[in-house]
Structures are given as structure tokens and as C-alpha cells.
Amino acid sequence: MPRRLVEKLRSFMPGNGKKKARHYQRQEIPRDQHNVSRSMISEPAKKVLHRLNKAGYEAYLVGGGVRDILLGGKPKDFDIATNATPEEVHDLFRNSRLIGRRFRIVHVVFGREVIEVTTFRGNARDAEDDVADDEHRTSEHGLLLRDNVYGNQEEDALRRDFTINALYYCIRDFSIIDFANGVEDLKNHQIRLIGDPETRYREDPVRMLRAIRFAAKLGFEIEPETEAPIRELAPLLSHIPPARLFDEVLKLFSAGHGEATYNLLQQYNLLEPLFPETARAIEAGEPDELILQALRNTDARIAQGKSVTPYFLFAAMLWPALQVEWRRRQDNGDPVQPALHGAIGKVIGRQVQATSIPKRFSGPMKEIWEMQMRLPRRQGKRAFATLTHPRFRAAYDFLLVRESAGEIEPGLGQWWTEFQRVDERGQERMLSQLGSATAPRKRRRKRSSVKRPPQS
């Protein structure tokens, strides 16, 4: 089949031919018209740029580093795009390693800082290749299967996802090169896809999650044409490998804007593909205040420079689903403890079909949940055994979140706080005062019998 006919047929695919193609024109912004300074770029990144230029190659700071400096921030990472091949870059830097198989990139290592160097990429659709191979570059859903061809700088810019990420800084003349009006979108605080949004989402549905992540991180609005297809195309995320979605979930909730991200995921129907059981539980009336409270706490920790653990995040995100399954099993006659164990296995088993959870995280997550039953049982030597459990701290933090969310009556969390603070004599006194203390009572909640209306 002639290539022209192939392209003609593509025009009738969803997302194609609906709008005129947006016209992009290269703009070069001189130093006196922007705020990017060499002093804002790390020394390792400058070394890589200078050496590549000195060797006769084009090399530019690209993407988030340029974007964040223009917004007045301090980038944590610096990426470089070049016309040098990965092998040529590798030959220039002894402290480098080649990464990847399908499309090779280079990591140049300077102590703890890693500079990622990528060769300009082209559009796989336009690559000169045989037709038979061309027909298999996308799946039946439009998912891009091959995107591993080299190109020039303009091609590299226009295959990137968002306009604000298609900005290049040239260290030779200190100019910024803008191929997609990214600087204008930065000024207007807009997230805008390059190209036809539906087609770009079908090529890689993860771009919908990236739109949410940048909107939450930067406090930007998603431009109307960019947001329009998201709700309809959200189910396409089910075609993404669960391992990749696990990584994307960590990026979404570990950037310090977890609460805003969660609300946007709800707004655009993107929570269900990531956490299907949780979404169904919330839709049926299960409260999600614990999730929101956990994300607030996580955001606060990140703001303080503290680390967050993936298993704690997943324990919170799956808690509503666990509650539903746990109650169902108890209603069917299972004792409390076996019902909990069975519910844990069921919920995790279903979740890994959407986003895989490595065993190094699923194990601690189970322990956090199981210890919610141990924490109220403090008589005798139980408190000391619980205190020395390797997952005590995470379980204790989870208990505090449950209290803050109004799920259980307050008091138990304060008791454990005090128990950790006092000396051995004080601990013995606290235990003697317990008497026949019982587990904290759950607060009664009015459960809505009406499903939430769909977001429009």
C-alpha cells in the first residue's frame, strides 16, 4: 500500500482529521528577553553541554530544567538533548553508562548527580521504513508501539508531550529555542499538548496522567482542547503495563502535591484505571477522608524534606476497598481476623492487575493493615511486643491518620504517643491504668445510598 494512502487512512482514525493541524514555528528568544542564567544550571550539566559543543555536536538543556528556571524555581534534574548518538556521547565521557535497549540514552554520572543525555528523536510515523513495519507502529487503540528513531531538533521538540516541556536552552549564545509556543503557555499557566490531543493520548495514554501531574505540581490549568478527551479516553490506561503504572502512581503522589493530584484524578475519571476497587468503593459511598488526610500528611513531609514510603501510600489508597471487602466477609459469617486476612489477599490480588505492587512494598502494606488490630490490644506484654515490631512506626502513623480522618474516636493515638515518650517505669504505670480497656470505637457514618454524579 502506498505511503500516501496509508496516511490518508490514518486521517479517518479517532483523533485525526477533526481539526486543522496546529502550526508551529521556531522562535529564538535572546538572553535579554528571558531569565535563564548559567548560574542556575549545575556545574555537571554545564560540563556536559560544553564538552559536547566543543566536540562539534549540538547540545541543549531541555525540558523541565528550562521550564522550572523560567518559572523562578530551582530544578533538581537537568536533561540534555543532542544530535550526537548515544555511542558518541559515551565515548566522550568516561563517567557515563548506556541505558535502555529500545531507545538508548546516556547517563553521565557526577557523584550523586546524574545528567541524562538523549539523542534527538524523530517521529516513528514519518520514518522511512517498509510499509509492513509501518503498519505495526501503533496498536488497534492507537497506542504507539515504536518510537525509537533519531531525528533533528525540531522533530525532537514536536514529538514531546507538552509545549512547556519543548523548550531548549543554548549555552553557546544563551538563547532559548521554542518550537511550540511553550513560553507563552508558561506565561498563561496552561498545560497544552503538542499536536492533536486525542491522537497523542491514544499514542501513549500515560500522557493523561502527566497532564494531571504537571497541573497539580505547577498549579496550572489544563487547556480546554487538551482536557476535552481525557474522561472518554481514561479507560485506555488499562492497556498500559501494570509495572509502568506503578511507577507513574509513585510520581503522581510523591511530588508534594498529592492531595491536588488526587482531586484531579477524581475530576477526570482517572482514579478508576489506577485503583479500580477503591474507585468503586468510593462510588458506593465509602468515605475517602482517610486518603485525603494521608496525602495531606505526605505533602507536608515532602515539604519538610522528609521521605515517603510507597507502601504507606498504597495502604492509604486501598483502605476504602479493604473496608468494603472486610465487611462483606464478616457479613458472610467470617470471624474478624480471618475476614481481614482474606480481604487483604483479595484487594491486593485485584490491585496488581491494574498497578503492580512489588513484594517489597506489598508485605509492609499488609503489616500496616494487620497491626491496626494489634494497636488497641495493649494489656500485659502486648504493648512492648507491638512497640518492637519493625512496622510499628508506619502502623502508628496510619492510626493517627485514621483518627484525623474521623474514622475512629481519638485517644488511642495519643496513648501510643505518650507510651513512646515515657521511660520504662512510666510505661508500666500506663499499662496498669488500662484495666479492661477496649478497642477504640468506630464513629458511625451516614453512608450515602446515592451514587456520586459523574463529573462533567
Over the chain, relative contact order from alpha-carbon pairs under 8 Å, at least 6 apart, %: 11 percent
What is the range 206-297 by shape, rounded, prolate or oblate, if you read a ≥ b ≥ c off the alpha carbon gyration tensor as root eigenvalues and call it rounded for a/c under 1.5, prolate for a/b larger than b/c, and oblate otherwise? rounded
Count charges around Arg429 for me, please; just the other residues with Cβ under 12 Å from its Cβ, Lys/Arg as +1, Asp/Glu as -1. -3
Got a sec? Charge dipole of the chain, +1 on Cβ for Lys and Arg, -1 for Asp and Glu; which of Gln330, Phe78, Ile282 is way out at the positive end? Gln330
Among the aspartates and glutamates, which have Cα under 14 Å from the Cα of Lys381 when same-chain residues fewer than 8 positions away are ignored? Glu424, Glu428
So how compact is the chain: Cα radius of gyration and Dmax in angstrom? 26.1, 86
Phe110 versus Asp423: modelled label distance in nm, points set 7 Å from Cα along the beta carbon direction: 5.2 nm
Taking neighbour Cβ counts within 10 Å as the exposure measure, how do Asp91, Asp32 sort from fewest upward? Asp32, Asp91
Could you work out the relative contact order of the range 25-197, using alpha carbon pairs under 8 angstrom and six or more residues apart, expressed as a whole percent? 25 percent
Per the Kirkwood treatment, what hydrodynamic radius in Å, one decimal, follows for the range 292-432 from the mean inverse distance over all distinct Cα pairs? 16.3 Å
Scattering profile of the range 34-85 at q = 0.28 Å⁻¹ [log10 I(q)/I(0), Debye over alpha-carbon scatterers]: -1.10
Can you tell me which aspartates and glutamates have their Cα less than 13 Å from the Cα of Lys346? Leave out same-chain residues fewer than eight positions away. Glu277, Glu325
Over the range 304-352, consider all pairs of different Cα atoms and compute the Kirkwood hydrodynamic radius from their mean reciprocal separation; express it in Å, one decimal. 11.7 Å
Ratio of the range 25-197's C-alpha Rg to 2.2 N^0.38 Å, to two decimals? 1.06
Among Lys47/Lys76; Lys217/Lys306; Lys47/Lys187; Lys46/Lys306; Lys74/Lys217, the pairs whose Cα-Cα distance exceeds 21 Å are Lys47/Lys187; Lys46/Lys306
Using alpha carbons only, how many degrees (0 to 90, rounded to 10) separate the axis of helix 206-218 from the longest principal axis of the chain? 80 degrees
Could you please tell me the mean projected area of the C-alpha convex hull for the range 140-260, averaged over all directions and given in square nanometres to one decimal? 8.7 nm²
Size of the range 250-303 along its principal axes in angstrom, Cα-based, largest extent first? 33, 18, 16
Rounded to 10°, Cα long-axis angle of helix 258-267 versus longest principal axis of the chain: 80 degrees
Between beta-carbons, use under 12 Å as the cut-off and find the net charge around Asn83, counting Lys and Arg +1, Asp and Glu -1. -4
Using only the alpha-carbon atoms, how far is helix 359-374 inclined from the longest principal axis of the chain? Give it as 0 to 90 degrees, nearest 10. 30 degrees
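Bear in mind these aren't lab numbers, they're just calculated from the coordinates by the rules spelled out. Note that the structure is a prediction, hence the values are computed from the model and not measured. Every residue, glycine as well, gets a Cβ built from its backbone with ideal geometry; the counts of neighbours run over all protein chains shown.
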